[in-house]
1. Take residue A:87 and tell me if it is within 14 Å of chain B (Cβ to nearest Cβ), surrounded by fewer than 18 Cβ atoms within 10 Å (Cβ to Cβ) and among the aliphatic types (A, V, I, L, M).
2. Checking residue B:347 against (1) under 14 Å from residue B:487 (Cβ atoms); (2) without any contact (Cβ under 8 Å) to a residue 12 or more places away in the chain: exactly one of these is not met. Which one?
3. Which one of these does residue A:9 not meet: (1) touching a Cys at 6+ places or on another chain (Cβ under 7 Å); (2) more than 30 Å from residue B:538 (Cα to Cα)?
4. Taking region B:349-369, which residues are farther than 22 Å from residue B:439 by Cβ and within 14 Å of chain A (Cβ to nearest Cβ)?
5. Among A:48, A:106, A:98, which is surrounded by 14 or more Cβ atoms within 10 Å (Cβ to Cβ) and in contact with an Asp or Glu (Cβ under 9 Å, 6 or more places away or on another chain)?
6. (1) in contact with a strand residue (DSSP E or B) (Cβ under 8 Å, 6 or more places away or on another chain); (2) closer than 19 Å to residue B:463 by Cα; (3) not in a helix (DSSP H, G or I): which one isn't true of residue A:32, the others all being true?
7. Does at least one position in region A:94-107 carry a residue that is in contact with a Leu (Cβ under 7 Å, 6 or more places away or on another chain), more than 14 Å from chain B (Cβ to nearest Cβ), among the aliphatic types (A, V, I, L, M) and without any contact (Cβ under 8 Å) to a residue 40 or more places away in the chain?
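The values are calculated or read from the model by the stated rules, or taken from the named source; none is laboratory data. A quick note: this is a predicted structure, and the numbers were derived from the prediction, not measured. Please note: Cβ atoms are built from the backbone with ideal geometry, for glycine as well, and neighbour counts cover all protein chains shown.
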Amino acid sequence: MEIGEERTAGVLVIAPVGRVDSVSSSELERHVVARLDAGERRVVIDMAGVEYISSAGLRVLLIAAKRLKPPAGSLVLCGLGPAVRTVLELAGFISLFAVEPARAQALARLEAKTSS
Amino acid sequence: MSTLHLRVEPRDGEPFRHEVRGDAVVLGRSSKADIVLADRFLSRQHARLVLREGSWFLEDLGSRNTTFLNDRPVAQPMPVRPGDVIRLAESRIVIAEAGDELPAQSAGDGLTGDTDERLPESTVFRSAGDLLAGPAAGGGLAAHMRLINEVHRALAAPITLEALLDLILERVFVQLQPEEGAVFLRDEKGELKRAALRRAHGITGEPLYSRRLAQEVTEKGVAALVTDASADARFAKAESILFSGVRSLLAAPLLDSEGCLGMIVLSAKSRQHPFQEDDLELLMALASAAALRLRNIALAEETARRRLLDRELDLAHDIQMAMLPKAFPHLGGIDVSAVLRPARSVGGDLYDVMADGERVWLLVGDVSGKGVGAALFMAVTKTLFRAIAPGSASVAEAVARMNRELARDNDRAMFVTVFAARLDLATGELEYVNAGHNPTYRLESGGGVTPLPGPVDPALGAVDMHAYRGSRLRLAPRDALLLYTDGVIEARSASEEEFCTQRLESYLLACGEASAQLIVQGLLEKLDDFVGDAPQYDDVTILALRFLGPS
C-alpha cells in the first residue's frame with residue numbers, strides 16, 4: 001500500500017492507495033497516528049485510491065475520528081468508492097464521519113470552518 | 001624484529017605477556033632468570049633467547065630436560081619467529097608480534113578475523129562425502145570403529161543438547177587428544193555461535209577460531225585439516241589462530257541431509273604430532289552421527305514449544321466455547337439451535353440466548369480482527385450482555401449501555417457488530433437492534449424469507465455516546481429467525497467464490513418448517529460442500545430460532 005500526502009492551507013490530506021486489509025491497515029495506522037501525534041488537527045482522508053477496506057481498516061478511520069473529534073480537530077473523508085462506502089454503511093459507521101464526494105469539497109469544508 | 005614479545009604460559013599460573021627490551025633473556029626456575037617459571041622440571045637456567053645481527057635465536061643452556069622449539073629439541077641455537085612455541089618441561093612460551101597486543105576480540109561467538117583472511121598453506125580441505133565413504137586407512141581403524149560405535153550407542157539414548165555436545169567433545173578428546181575443542185552451531189538467524197568448549201587440563205584462555213575457516217567449513221560443507229600453521233609465513237599474522245599458538249587444527253562440518261548445522265573444531269598447540277588425515281576421517285564420522293542427532297533434538301525442542309502454545313490455545317478455545325450456551329432446555333415456546341466454528345483456535349464471534357421471565361434475549365456478534373485480541377473483546381461483550389440485558393427497559397437501551405462500556409478507554413478502536421433482540425414468548429413481539437451487523441432473516445411460516453427491516457446503527461465500541469434505534473415486529477407462530485455472522489456469506493470456495501446472501505436465501509427458502517437444529521446443521525453442511533478443501537478464513541456463527549406460538 002502507498003500513502004500519498006498533500007498539505008494545503010493548514011489542512012493535511014492523507015491518501016492511501018490500494019487495499020486496506022488486516023496487513024496494510026497497521027501501516028496506515030502508524031502513519032495516521034504519527035501525524036496526529038505531531039499535532040495535525042485538520043485532516044482529510046481521501047479514499048479515492050482504496051478499492052477494499054477490512055474491519056481492521058475501519059478501526060484506523062475510527063481512531064482518527066476519535067482523536068479529531070470537534071472541537072479538538074476535524075476529519076473529513078472523501079472519495080469513497082462503492083465498495084468502501086458499503087463497508088462503512090454495513091458497520092453503521094457512515095453517520096460517524098463527515099463525508100464529501102471529492103478532495104476539493106473536503107478541503108472547502110475544512111477551509112470554510114477555519115474562516116468562520 | 002629487535003624487540004621480542006612473548007606470551008608466557010607457565011605450568012602453574014596464569015599466562016602473561018613479556019616484552020624483551022635488552023638483547024638477551026634467560027628462562028628458568030632460578031630467581032636470577034629474567035623470566036622465572038615455577039616448574040620443578042625446569043633447570044635453574046634452562047634456556048636463553050639472544051639477539052644476534054637483528055634476529056632472535058633460542059639456545060638451550062644445557063638443561064636437564066632439554067628445550068623444544070615447535071616440538072623439536074633445540075641442540076644448537078635456532079632462529080625464532082612469531083608463532084613459534086617454545087616448550088620448557090610443562091611451560092610454554094609463544095613468540096608474538098609487536099602489534100598483537102591481545103588476541104583479536106571476538107564478537108562473543110567464539111570466532112574472530114575477517115572472512116577474507118587467508119588460511120595457512122598447509123590447510124587441506126576434504127569433501128565430507130569422500131571422508132565418510134573412504135575406508136579408514138592405517139592401524140587406527142579398529143579404535144576408530146570402537147569410538148564411532150560407542151558414540152552411536154550413546155546417541156541412541158534420550159539426551160539434551162548440552163549433554164550431547166559434551167559427550168561428543170569428551171569422546172573426541174580421549175581419541176584425538178586435542179588441546180582445545182569447540183562445537184559451533186547456527187542460531188535461529190543462521191549465525192554461528194560457539195555452543196560448547198572443552199580444554200585439556202592446564203590449558204587456559206579462550207580459543208578463538210578463524211571466521212574464514214568457519215565459513216569455508218560450514219558453507220561449503222568441507223572438512224579442514226591444518227597440519228602446521230606456523231610453517232606458513234603469511235599466516236603468521238593471522239592472529240586468530242596463531243596468537244594462541246595453534247599449530248595444527250581439524251574442523252568438520254555438522255552435516256545432515258538438510259544442510260549444515262555448524263561445525264566441530266579441534267586444535268593443538270604443542271601436540272607431539274600434528275593431526276593427520278585419518279584423524280579428519282574419524283572426526284567427520286563423529287560429526288555426521290552427531291548432526292543427525294542434533295537435528296532430532298532441535299526438532300523435538302521446536303515440537304515441545306509448539307505443543308505448549310497449542311495447549312494454551314486449546315485451553316483458550318475450551319474456555320471460549322464454554323461461554324456459549326450449548327443446549328436450551330429451559331426455554332418453552334421456542335426451538336433454538338446455535339453453532340460457532342472459529343477459523344482459528346480462538347475467534348471473535350459470539351452468540352447468546354438468555355431467558356428473562358416471559359421473554360428471551362438473543363445476541364449474535366462479530367468482533368473486528370481475529371485471534372486472541374478479538375477473543376478477549378468477545379468475552380467482554382458476552383459478559384456485558386449477560387450483566388446488562390436482563391431488566392433493561394428496551395433492547396435499544398441495553399445495547400446503548402453495552403456500547404458505552406465497550407467504547408470506554410478503547411484507544412485501539414476495537415469494535416463488535418451485533419444483532420441483539422428480545423422476543424416476548426407470550427405475544428411473539430420481537431424487538432431488535434442492528435449495530436453494524438448482517439441483517440437477520442425471518443422465515444415466515446407461510447414460506448417467505450426476508451431480511452428484518454430497520455436502521456443500522458454503529459457497531460459497538462466505536463463511539464462512546466450514541467443512541468441506538470430499536471425496531472419491532474410480531475412473529476407469527478411457526479415463524480423462524482436466522483441470525484449469523486459474515487463468516488457464512490463470505491465463506492470462500494477453492495475458486496475464491498463467496499457463498500453470498502443469494503445462496504443463503506435459497507437455502508432458507510428450502511427449509512420450510514424444519515427444526516432449528518436441522519436448519520443450522522443443514523446450513524453447515526451446505527457451507528462445507530461449498531468450501532470444500534479451501535481454508536476457513538473467518539469464524540462462522542449460525543443461530544436459528546423457531547417461535548412455536550404463545551406459551
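1. Details: within 14 Å of chain B (Cβ to nearest Cβ): yes; surrounded by fewer than 18 Cβ atoms within 10 Å (Cβ to Cβ): no; among the aliphatic types (A, V, I, L, M): yes.
Here the answer is no, as residue A:87 does not meet what is asked.
2. Against the list (1) under 14 Å from residue B:487 (Cβ atoms); (2) without any contact (Cβ under 8 Å) to a residue 12 or more places away in the chain, residue B:347 comes up short only on (2).
3. The single condition residue A:9 does not satisfy is (1).
4. B:369
5. Details: A:48 fails: in contact with an Asp or Glu (Cβ under 9 Å, 6 or more places away or on another chain); A:98 fails: in contact with an Asp or Glu (Cβ under 9 Å, 6 or more places away or on another chain).
Result: A:106 is the single residue among A:48, A:106, A:98 that is surrounded by 14 or more Cβ atoms within 10 Å (Cβ to Cβ) and in contact with an Asp or Glu (Cβ under 9 Å, 6 or more places away or on another chain).
6. (3)
7. Checked against the condition, which is being in contact with a Leu (Cβ under 7 Å, 6 or more places away or on another chain), more than 14 Å from chain B (Cβ to nearest Cβ), among the aliphatic types (A, V, I, L, M) and without any contact (Cβ under 8 Å) to a residue 40 or more places away in the chain, region A:94-107 yields at least one hit.
Quick grid of which residues meet (1) on the phi < 0 side of the Ramachandran plot; (2) touching a Leu at 6+ places or on another chain (Cβ under 7 Å); (3) of a type outside the set (A, V, I, L, M, F, W, C); (4) touching a residue at least 40 places away in the same chain (Cβ under 8 Å):
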{"position": "B:468", "(1), (2), (3), (4)": "yes, no, yes, yes"}
{"position": "B:473", "(1), (2), (3), (4)": "yes, yes, no, yes"}
{"position": "B:511", "(1), (2), (3), (4)": "yes, yes, no, yes"}
{"position": "B:514", "(1), (2), (3), (4)": "yes, no, no, no"}
